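Only one structure is covered here, and it is reproduced in the block below.
The values are calculated or read from the model by the stated rules, or taken from the named source; none is laboratory data. The model shown is predicted, which means the values in this text are computed figures rather than measured ones. For neighbour counting, all protein chains shown are included, and Cβ atoms are generated from backbone atoms with ideal geometry for every residue, glycine included. For the accessible areas, the whole protein counts, side chains as well, though only heavy atoms, and no ligand, DNA or RNA atoms are used. Shrake-Rupley method; radii C 1.70, N 1.55, O 1.52, S 1.80 Å.
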Amino acid sequence: MSFTFDREAYNRRMAWYTEARFGMFLHWGVYSIPARHEWVRSYENIPNEAYEPLMDEFNPSHCDMRQWMEAARDAGMKYVILTAKHHDGFCLYDSAYTDFKSTNSPAKRDFVREFLEAARDCGLRAGLYFSLIDWRHPDFPHYGDRYHPMRDNPEESNENRNFDRYLEYLHNQVRELCTNYGKLDLLWFDFSYDNLRGEAWKATELMKMVRSLQPDVIIDNRLEVSGEGFGSLAACKPTPYHGDFVSPEQIIPPNGLQDANGDPLIWESCVTMNNHWGYCATDHFYKPASMLIKKLVECVSKGGNLLLNIGPDATGRFPKESLAILKEIGVWMQYNGKSIYGCGMSGLDKPDFGRFTRRGDTLYVHVFENTIGPLPLFGIPKSQIASIRRLADGSEVQLSTSWVHSDYPELAFANLGEDPVLPDPIDTVLEIQLRPER
């Protein structure tokens, strides 16, 4: 039976997502104890018998999901995603199919349930990350796999490993998450590589099951690809397990993303605050809030979302640097969130001084650095400008009549006043109300 892509249903379920634009990723698990990245078991070839005892130490007494969600909400984020299970196989929920889970740790807590309840209480859309691979499961390929911790150990032969049995386990765990925790807004699968992609996961069957249990859930494209690659929807040949959005990782697409027909794609750039996803005790290379605000604006100006990651520590706290960054972003969003939510590409070329975002007949001019003289409003005819206001305080900005730009009569210029220092040194936003084109 052939698959028919339902564009109307797709647009309906994606509406909240393209309105939200800004989300929080949370990578957390027992790997926060060694605190050397969530891939520590793979990178250091740690055998299961040495890694599994971490569960017996996992007791994050300072984990308060309500505080986590309030921090996300106050930063202006509209959705949150938690790693229900990462590649190491440790579950932050009470799975019936494994004993390697948070409810068996000293914490004895179902963190997925706590997370979802807290997110909903804070008015946030909530989703779960789920790894398609599981280094702990005996039927997942070990020797010769590209990433498995035992990939170079010939004693870990794949003889007698039954991949169909592993797939049954995978599907059962996804079914649990789709059945036991109420409505999910998003499922973030990770990831496909080499021969493990698409139907290798029995992806059509998996997607059919997910859609039957969670008909409105949004799903990323990593049943087909990893952080590399775009997927079948981008190729204009959607499979039954196509991703609803493209998921570039640690990069913002240079020119946004378009499908094979040249039409805009829905996408989300997932980005770390420092250089690691899971908590890394020695990584203090944090991107400043000013940079991340501008990167959020860049994503929106190119028609995408920003999913900004935090790796809580072993005690359940956000790193202090992350909290400080979130607070600074939150202040900017309080005043300028209208230029982000529900906005997208402007149809105008990027100006030298910053970027444009747009929602309908409202254009937002993001001024990262001031100009010498009045601000040129490239591509915006004077006759189309109904009003200009500073978004942060609603104050009027007049069109300039200065003689200094008399040689450029075709350009509109905004008069930002005499002070060369912008009111907001990170991004001063002008809201231009445009007259409808006739």
Let me understand region 287-438 better: what is its radius of gyration from the alpha carbons, and its Dmax, in angstrom? 17.1, 63
Here FRET efficiency (C-beta to C-beta, Ala324 to Asn195, R₀ 51 Å, nearest 0.05) is 0.70
Per residue, how much accessible area does region 1-103 have with a 1.4 Å probe, in Å²? 40
I'd like to know how region 278-338 sits against the 2.2 N^0.38 Å rule of thumb: what's its Cα Rg over that expected value? 1.22
Cβ under 11 Å from Asp164's Cβ, Asp164 left aside: what net charge do those residues give with Lys, Arg +1 and Asp, Glu -1? +1
Suppose we keep just the alpha-carbon trace of region 130-196; what are its Rg and Dmax in angstrom? 13.8, 44
Log10 I(q)/I(0) at q = 0.07, 0.13, 0.14 Å⁻¹ for the chain, from Debye over equal alpha-carbon scatterers, is -0.39, -1.14, -1.28
Taking a threshold of 28 Å on the Cα-Cα distance, which of the pairs Lys78/Lys302; Lys78/Lys294; Lys78/Lys287; Lys85/Lys237 fall above it? Lys85/Lys237
Taking 0.36 nm per residue of separation between Glu44 and Met209 and subtracting their Cα-Cα distance, the length gained on full extension comes to 55.8 nm
In whole angstrom, the spacing between the Cα centers of region 56-125 and region 410-438 equals 43
So what's Rg/Rh here for region 333-393, counting alpha carbon atoms and using the Kirkwood radius for Rh? 0.93
Over region 188-245, calculate the relative contact order: mean separation of alpha carbon pairs under 8 Å at least 6 apart, over the residue count, as a percent. 40
Could you give the distance between the Cα centres of region 14-49 and region 344-373, to the whole Å? 34
Cα centroid of region 325-343 to Cα centroid of region 170-242, whole Å: 31
For region 198-354, shape from the Cα gyration tensor axes a ≥ b ≥ c, cut at a/c of 1.5 then a/b versus b/c, turns out oblate
Which whole-number percent gives the relative contact order of the chain, counting Cα pairs below 8 Å spaced six or more residues apart? 16
Can you list the residues of region 19-34 with backbone N under 18 Å from a point 7 Å past the Cα of Asp216, pointing along Cα to Cβ? 19-21
Accessible area per residue, Å², region 246-364 with all protein chains present, probe 1.4 Å: 40
Equivalent-ellipsoid semi-axes of region 1-131, from the Cα gyration tensor, Å, largest first: 30, 20, 14
Which percent of the accessible area of the chain is formed by carbon and sulfur heavy atoms (probe 1.4 angstrom)? 49
If I take R0 = 45 Å and measure r between the Cβ atoms of Glu117 and Leu399 in this structure, what FRET efficiency does the formula 1/(1 + (r/R0)^6) give, to the nearest 0.05? 0.30
Using per-residue counts of other Cβ atoms within 10 Å, averaged over each peptide, order 283-290, 112-119 from highest down. 112-119, 283-290
